[in-house]
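The values are calculated or read from the model by the stated rules, or taken from the named source; none is laboratory data. Please read these numbers as outputs of a predicted model, since none were measured by experiment. Cβ placement follows ideal geometry from the backbone for every residue including glycine, while neighbour counts extend to all protein chains displayed. Heavy atoms of the whole protein, side chains included, go into the accessibility calculation; ligands, DNA and RNA do not. Shrake-Rupley method; radii C 1.70, N 1.55, O 1.52, S 1.80 Å.
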Amino acid sequence: MNCIKELLAARKLPELLEFADGTKVTADRWEERRLEMLDILRREEYGYAPPAPAYVRSEVIQAPKADYANKATVSYLNLTVPTDKGEFTFPIAQVVPTKRPESGKVPTFVLINFRPELPDKYFPVEDIVDAGCAVIRIYYNDVAFDGQDNFAGGIASHFDRSKYTWGKIGMWAWAASRAFDYLESVDWADLSRVAVIGHSRLGKTALWCAANDTRFAMACVNNSGCSGDAITRDKKGERVAQITKNFPFWFCDNYRKYCNNEYGMPFEQHFLVACVCPRKVAIGCALDDEWADPESQYLSACAASPAWELVGKTGIIHPDRLPVPGDFFHSGDVAYHLRAGAHFLSTEDWRHYLTLI
Ligand code: GCU
């Protein structure tokens, strides 16, 4: 029996390795296909974002200070970017391990987080610096308020909606890319090993960010579920109807067309996962997170994997069965883990991501 193949066939997914005009995608045309899928996802789901700004200026607002048994240096900065309507500034926190290799450069996570506090239950600082990694933390409400404000505040108010249709997921993702712009100016970040990480709605954001911004070597997509990593067709838990009703401002208006009409979508979420190819994706799931649906997340990792195989990399390497708690399939460029417990970005999840960066 070919268990996973059968489960995937039942979802009747749109073809990943076929252009919209039906032409088969070959390895040399993968990038072309990736851009085609990104365009579909921008048009139908997340909206169009402004291009990268001409500059990112940084200003230290709280000078570097040793903390965490002096294992980390913590500082706070403001990042400022030009927009269509003047400059926009948002704060970041920076945590750099004190002990660094001879090169001075360390792998770095851009963490888009739910809270500004440090440490935070989703931000186990000591475990991260002990693994030799740095973090730039963005507090998402500093970029765009996570609520219905008719796009009147934050970065949203700096661009015209007639020009850019982005929802808040797109805005938070854009800010994470600005953190990468900033990293290009420091001497301690290993720019070949920068991952973007987020949990839940911010896991959707991390995935969308890495799909668009090829400078990120990896996306760590924690419990992202609906409109993130999970296949939508026949998904359990949250569906397009619920997410667009409760959080319409995360997306562009077009996405609402697919309420109770998932089979009408000319795309699926495995397109989004595959847009990170040939770089790495790490998908983290929790057994009790039925709203996100770990099975649909796993199937998405499997359905996206042929993209990596096409370009000579490895997709998910897994047994022909559904995962059980404690499973981690980490030997391919598409990594997946399922842990016991509820919806959360736990230190256990972080430990997986820390081994993969
Ligand atoms: C809600 C929402 C999910 C989202 C989650 C979160 O449950 O329906 O799509 O992932 O919030 O961000 O915590």
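Would you confirm whether or not segment 330-343 contains a residue that is within 16 Å of the ligand (Cβ to nearest atom), touching a residue at least 40 places away in the same chain (Cβ under 8 Å), over 20 Å from L272 (Cα atoms) and not in a loop (DSSP other than H, G, I, E, B)?
The answer is no; no qualifying residue exists.
For segment 201-244, what are the residues that are β-branched (V, I, T) and buried (at least 24 other Cβ atoms within 10 Å of the Cβ)?
T205, V221, I231, T232
Which condition breaks for V186 when tested against (1) away from the ligand (no atom under 16 Å from the Cβ); (2) within 27 Å of Q297 (Cβ to Cβ); (3) surrounded by fewer than 24 Cβ atoms within 10 Å (Cβ to Cβ)?
For V186, the exception is condition (2).
Looking at segment 47-72 only, could you name the residues that are over 30 Å from S305 (Cβ atoms), out of contact with any strand residue (DSSP E or B) (no Cβ under 7 Å at 6 or more places or on another chain) and open to solvent by 30 Å² or more (accessible area, probe 1.4 Å)?
If the condition is that a residue be over 30 Å from S305 (Cβ atoms), out of contact with any strand residue (DSSP E or B) (no Cβ under 7 Å at 6 or more places or on another chain) and open to solvent by 30 Å² or more (accessible area, probe 1.4 Å), then P51, Y68, A69, N70 are the ones that fit.
With respect to the numbered conditions (1) outside any loop (DSSP other than H, G, I, E, B); (2) within 21 Å of R215 (Cβ to Cβ); (3) open to solvent by less than 30 Å² (accessible area, probe 1.4 Å), which one is the sole condition not fulfilled by S75?
(2)
Run V106 past the list (1) open to solvent by less than 10 Å² (accessible area, probe 1.4 Å); (2) under 15 Å from L202 (Cβ atoms) and report the number of the one that doesn't hold.
Of the numbered conditions (1) open to solvent by less than 10 Å² (accessible area, probe 1.4 Å); (2) under 15 Å from L202 (Cβ atoms), the odd one out for V106 is (2).
Which pairs turn up if I take residues in segment 306-317 that are without any contact (Cβ under 8 Å) to a residue 24 or more places away in the chain and look for partners that are assigned to a loop (DSSP other than H, G, I, E, B) and among the charged types (D, E, K, R) with beta carbon separation below 8 Å, at least 6 apart in sequence or on another chain?
Pairs that qualify, where the first residue is without any contact (Cβ under 8 Å) to a residue 24 or more places away in the chain and the partner is assigned to a loop (DSSP other than H, G, I, E, B) and among the charged types (D, E, K, R), are T314/D333; G315/D333.
Can you pull out the residues in segment 20-46 that are outside any helix (DSSP H, G or I) and either open to solvent by 60 Å² or more (accessible area, probe 1.4 Å) or over 28 Å from D320 (Cα atoms) (or both)?
Within segment 20-46, A20, D21, G22, T23, K24, T26 qualify.
Name the single residue, out of those in segment 245-254 being within 12 Å of the ligand (Cβ to nearest atom) and in a loop (DSSP other than H, G, I, E, B), that is most open to solvent (accessible area, probe 1.4 Å).
If we take residues in segment 245-254 being within 12 Å of the ligand (Cβ to nearest atom) and in a loop (DSSP other than H, G, I, E, B), then F247 is most open to solvent (accessible area, probe 1.4 Å).
Results for (1) within 13 Å of the ligand (Cβ to nearest atom); (2) assigned to a helix (DSSP H, G or I); (3) modelled with pLDDT of 95 or more, shown as yes or no for each residue.
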residue: V221; (1), (2), (3): yes, no, yes
residue: K235; (1), (2), (3): yes, no, yes
residue: I243; (1), (2), (3): yes, yes, yes
residue: R256; (1), (2), (3): no, yes, yes
residue: H270; (1), (2), (3): no, yes, yes
residue: V276; (1), (2), (3): no, no, yes
residue: A301; (1), (2), (3): no, yes, yes
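Of the conditions (1) within 16 Å of the ligand (Cβ to nearest atom); (2) open to solvent by less than 10 Å² (accessible area, probe 1.4 Å); (3) hydrophobic (A, V, I, L, M, F, W, C), I155 clears all except one; give me its number.
(1)
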